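Okay, structure first, notes after.
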Amino acid sequence: MLLSTVLLQAAAAGMGVTKLGAALGAGLAVIGAGVGIGKIGGSAMEAIARQPEATGDIRSNMIIAAALIEGVALLAVVVCLLVFLI
């Protein structure tokens, strides 16, 4: 119901469904990245609690994985914004 209302308002304003899709895509990319990085952090804390002697290795792997997720999310947001501007 709410989504159909938003789509009708976007169509009436001449905004187009592609721009609405781009905005939703950018939002979903950011939310997905936040959830992914949160899971990585939680899992890393559990691993460090179980094996404190491996803290350095776990931390470096966590930072690399978080950076890769953040890079993919940034790329998705840029693509969505390019679609939004075109």
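Read-outs: derived from the displayed coordinates by stated rules, not from any lab. Just so you know, these numbers come straight off a predicted model, no measurement behind them. All Cβ positions, even for glycine, are placed from backbone atoms using ideal geometry, and neighbour counts span all protein chains on display.
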Practice problem: Sum up the charges of everything whose Cβ sits under 14 Å from the Cβ of GLN51, counting Lys and Arg as +1 and Asp and Glu as -1, but leave GLN51 out. | Solution: -1
Exercise. On each of the three principal axes of the Cα atoms of segment 41-86, give max minus min coordinate, whole Å, ordered largest first.
Key: 52, 15, 6
Quiz prompt | Efficiency of FRET from Cβ geometry, ILE86 and GLN51, R₀ 35 Å, rounded to 0.05 | solution = 0.10
Quiz prompt | Near-label residues of segment 24-45 by backbone N, under 12 Å of a point 7 Å along Cα→Cβ of VAL79 | solution = 25-26, 29
Quiz item: Cα convex hull of the chain: how many Å³ per residue?
Solution: 68
Quiz item: Against the longest principal axis of the chain, how steep is helix 2-12, in degrees 0 to 90 to the nearest 10, with axes from Cα atoms?
Solution: 50
